[in-house]
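Scroll down for the structure; my scribbles are underneath it.
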Amino acid sequence: MSHYSKVLLLTLTITLGWSCDGLLAQRLGNSPYSSLGMGEFYGEAYSDNSGMGQSGVSTASGFQINNLNPALWVRNRFTTLDIGLIGQYKNITSGQQSQRNAGGNLGYVSLSFPVSSRWVIGANLKPYSFIDYENQSSRPVIGTAANARYITSGKGGINKASITNSVQVHKYLSLGLETSYFFGNVRRASEVTVENVPGTTIVSEEMVSLNQRTTYSDIAFRAGAAGRIPLRKDNKLNLNLGGAYSFSTRLNAASTTSFDLTQSSFPITTDTLENNLNGGLTIPEQFQVGASLEWPFKLILSADYSRQNWSGYRNFSNSSEGLTDVNRIHLGAEYLPKFTSLKYFDLVRYRVGFSYGNTPYVVGGTNVNDANISLGFTFPMGRGYQNFLSVALIAGQRGSSGSGQIKEQYGRVVLGITLLERWFIKQKLD
């Protein structure tokens, strides 16, 4: 790889990193469920695993970064840059009311490079969760002809920057450790507006609002292990086993709460009720286990189980918010027609997947479940087909229209670009 290409690649990575503060602020569309707990989660799966039902904690191709398990980064023998974009369309239904919205965001920026044949270091920046909701209602003011409009809203989210160390400790066993720095802020507001009433003594619009801004930051850890057991000679069929464990952590938090009174859009009174009040937010532990059958460069059948103990969640006020433990299954398959073929579409990787489980949210005493199906494709591109463009298409539904719940039907697209190069090659002189 030329010095110019290396500089260009590093420049692209740094530029994306510096711009992520603005990009990560974007959301995937309004979601009433994001008002609960930490909001909605992006998950750890990249584009290729997203097309397999978000499964793959036990196996990796080595051509793309598998972020589900820190131990699998060592499979990447090339310097690898992975960039992902996410777009989502959502139809929200509650009773007779419905709403459609869409959004998009940068999904991840990851760079891994092999230090040696048994050690890979990686860096990763991605959004972890987001909050984006707004609820409105209107009621008459007793004793007057005026109406009061009530609005509760929330915006913001938490991001994650990580360094991963992955090592091959045995021919068939690898271990990994991810060290992450969580950071972000969430803004919540409650507003009451008394609207104009022509022909009465109420001739101006008054608004009372309570605003809270909470910032979060701290370090967390995730460990992983992956093993490969040959079932046939010459590694023609392998049984892969893997697991990842995210340690529970309590993020440091600082909250500022203010009270505002405005009349006809002009501020009348502003008062800070709490300024940088210290507290915390507990992210509960999570573990993932998986197994897969792998016919190298041909077929992968994958099955994962994940669990996160959201009953152990605690917010800034040390409340669990009634969240419940999450259990999910992930099933997926990847097929490569012919690795040695000269035909382009024989080199395209095809994927299908399914995922089902509950979310942390409980509404009206009923768990909010989520199910989705997915399709995925990885197209080789560039000279020698050494780079890849991956697309994952996901369709799903969570919640239902009964029991006072909110039904969300969503379609999601995950677009990934993977660039591979060889760095740190010793020059040989004849």
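The values are calculated or read from the model by the stated rules, or taken from the named source; none is laboratory data. Predicted model, so just to flag it, every value in this text is computed and none were measured. Neighbour counts run over all protein chains shown; Cβ positions are idealised from the backbone, glycine included. Just so you know, the surface numbers come from the protein's heavy atoms only, side chains and all, with ligands and any DNA or RNA stripped out. Shrake-Rupley method; radii C 1.70, N 1.55, O 1.52, S 1.80 Å.
State all residues of the stretch 225-242 that are of a type in the set (G, A, S) and open to solvent by 20 Å² or more (accessible area, probe 1.4 Å); if no residue qualifies, say none.
If we filter the stretch 225-242 for residues that are of a type in the set (G, A, S), which is where we start, we get 225-227, 242.
Selection gives A225 alone.
Of all residues in the stretch 98-112, those satisfying the criterion of being under 26 Å from H170 (Cα atoms) and open to solvent by less than 20 Å² (accessible area, probe 1.4 Å) are S110, S112.
Pairing each residue of the stretch 325-354 that is on the phi > 0 side of the Ramachandran plot with any residue that is charged (D, E, K, R) and surrounded by 12 or more Cβ atoms within 10 Å (Cβ to Cβ), provided the two are 6+ apart or on different chains, yields no C-beta distance under 6 Å. Taken over the stretch 347-361, the criterion of being touching a Leu at 6+ places or on another chain (Cβ under 7 Å) and more than 19 Å from A395 (Cβ to Cβ) is satisfied by R349, P360, Y361. When each of G279, G322 is tested for being assigned to a strand (DSSP E or B) and within 28 Å of F182 (Cβ to Cβ), the lone residue that passes is G279. Of the residues making up the stretch 208-224, those that are surrounded by fewer than 19 Cβ atoms within 10 Å (Cβ to Cβ), within 30 Å of F182 (Cβ to Cβ) and either of a type outside the set (G, A, S) or touching a helix residue (DSSP H, G or I) at 6+ places or on another chain (Cβ under 9 Å) (or both) are L210, N211, Q212, R213, T215, D218, I219, F221, A223. Restricting attention to the stretch 294-307, and to residues there that are touching a residue at least 60 places away in the same chain (Cβ under 8 Å) and farther than 15 Å from G353 by Cβ, which single residue is most open to solvent (accessible area, probe 1.4 Å)? Among those that are touching a residue at least 60 places away in the same chain (Cβ under 8 Å) and farther than 15 Å from G353 by Cβ, it is P296.
Between S55, S35, S5, the distinction of being touching a helix residue (DSSP H, G or I) at 6+ places or on another chain (Cβ under 8 Å) and either modelled with pLDDT of 50 or more or over 29 Å from Y350 (Cα atoms) (or both) belongs to S55 only.
For the stretch 134-157, name all the residues that are among the small types (G, A, S) and open to solvent by 70 Å² or more (accessible area, probe 1.4 Å). I'd like the intermediate steps shown before the answer.
Taking the stretch 134-157 as the starting set, the residues that turn out to be among the small types (G, A, S) are 137-138, 143, 145-146, 148, 153-154, 156-157.
Result: S138, G143, A145.
Listed conditions (1) surrounded by fewer than 20 Cβ atoms within 10 Å (Cβ to Cβ); (2) of a type in the set (A, V, I, L, M); (3) within 17 Å of S390 (Cα to Cα) are all met by V115, apart from (3). Screening the stretch 296-319 for residues that are under 20 Å from N367 (Cβ atoms) and part of a loop (DSSP other than H, G, I, E, B) and picking the one that is farthest from the chain's Cα centre (by Cα) gives S319.
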